[in-house]
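What follows is a set of notes on a single structure, which appears directly below.
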Amino acid sequence: MLVLTRKPGERILIGDNIVVTILDSRGDGVRIGIDAPRGITIQREEVLRAVTDANLAAAGAQPEGADLIKAALGLLPAAPAAPATAAAAPATAAAAPATAPAVPAAASPVVLPAAVSGFLADQVGTDHAATLAHFADDATVVDDGKSFAGRDAILGWLSREASEFTFTSTTVKTEKHDDARYTVTNHLEGNFPGGTADLRFQFFVSGGRIASLTIQP
C-alpha cells in the first residue's frame, strides 16, 4: 500500500486519466473529488458491501444461491465442473429437477455523471463557485418547494444554505432511470431543525452539466 500525505487542493494522479483531489479536511473526515473516465466504476466500500449483504440475505434460503453470488463478486471461487467421466446415477434414483432455483442477480453499481458526483462532493464545502460550475447556464433548482432559476439564483441558494446550516451528507442509494435522469438519496446530519434527514436529489443532466435539480424528502 502506498501512503501519501496531501493538503487540501493538492492532487494525486493515477495512471493517465484518473485524478484524485483533496477538497478539505474537517474533524475526522476528509472530502475528496475523483475525476475518472465514464467507464470506471467508483464505489464506497461500505455501500457496495451493503448491497452485497442484501443480495446474500435474499438468497439465504438457498445456500447454493448465496455461493453463486459470492463467486460472482469474487468472494468465493466458483465450484469446479463435475468430471466428464463421473459414473451415471442409478436408474432407480429420483430424477433431478429440470431447472435450478432462480438466484437473485447482484445489483450493478450506478456510475453517476461527473457533474452529479462533483455536485455531491462540493455541496458541503464553501467553494460555491466550484459547486455552481456543475450547473448549466439556464439550470433550475427546486428545494423545499422554492424554485431558483439561472446561475445567479442558484449561487444565492448555495450561499444561503451554507451560511444557514452546517451538515454532513452521506449517499445511501443511487438510481439511474436513463442516461439523463438520476436520483440520489442522501442522509444528512447537522444543525438544522430535527438534526437528521433523508433527502432525494433528482437530477436531469444535459450537455454534461446539471440542467435541473429537485430536492425533496
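Going by what's in this entry, would Val142 be described as in contact with a strand residue (DSSP E or B) (Cβ under 9 Å, 6 or more places away or on another chain), among the aliphatic types (A, V, I, L, M), at pLDDT 90 or above and not assigned by TED's automatic domain parsing to the domain that holds Ile32? Criteria met by Val142. When restricted to residues that are modelled with pLDDT under 70 and either part of a loop (DSSP other than H, G, I, E, B) or among the hydrophobic types (A, V, I, L, M, F, W, C) (or both), region 57-75 contains 13. Going by the structure shown, is Ala78 hydrophobic (A, V, I, L, M, F, W, C) and modelled with pLDDT of 60 or more? No: the conditions fail for Ala78. Residues of region 168-176 include none that is assigned to a loop (DSSP other than H, G, I, E, B) and surrounded by 14 or more Cβ atoms within 10 Å (Cβ to Cβ). Scanning region 187-202 for residues that are modelled with pLDDT under 85 and over 10 Å from Ser169 (Cβ atoms) turns up Asn191, Phe192, Pro193, Gly194, Gly195.
The values are calculated or read from the model by the stated rules, or taken from the named source; none is laboratory data. Worth saying up front: this structure is predicted, and the values here are computed from it rather than measured. When we count neighbours, we look across all protein chains shown, and the Cβ atoms used for this are built from the backbone with ideal geometry, even at glycine.
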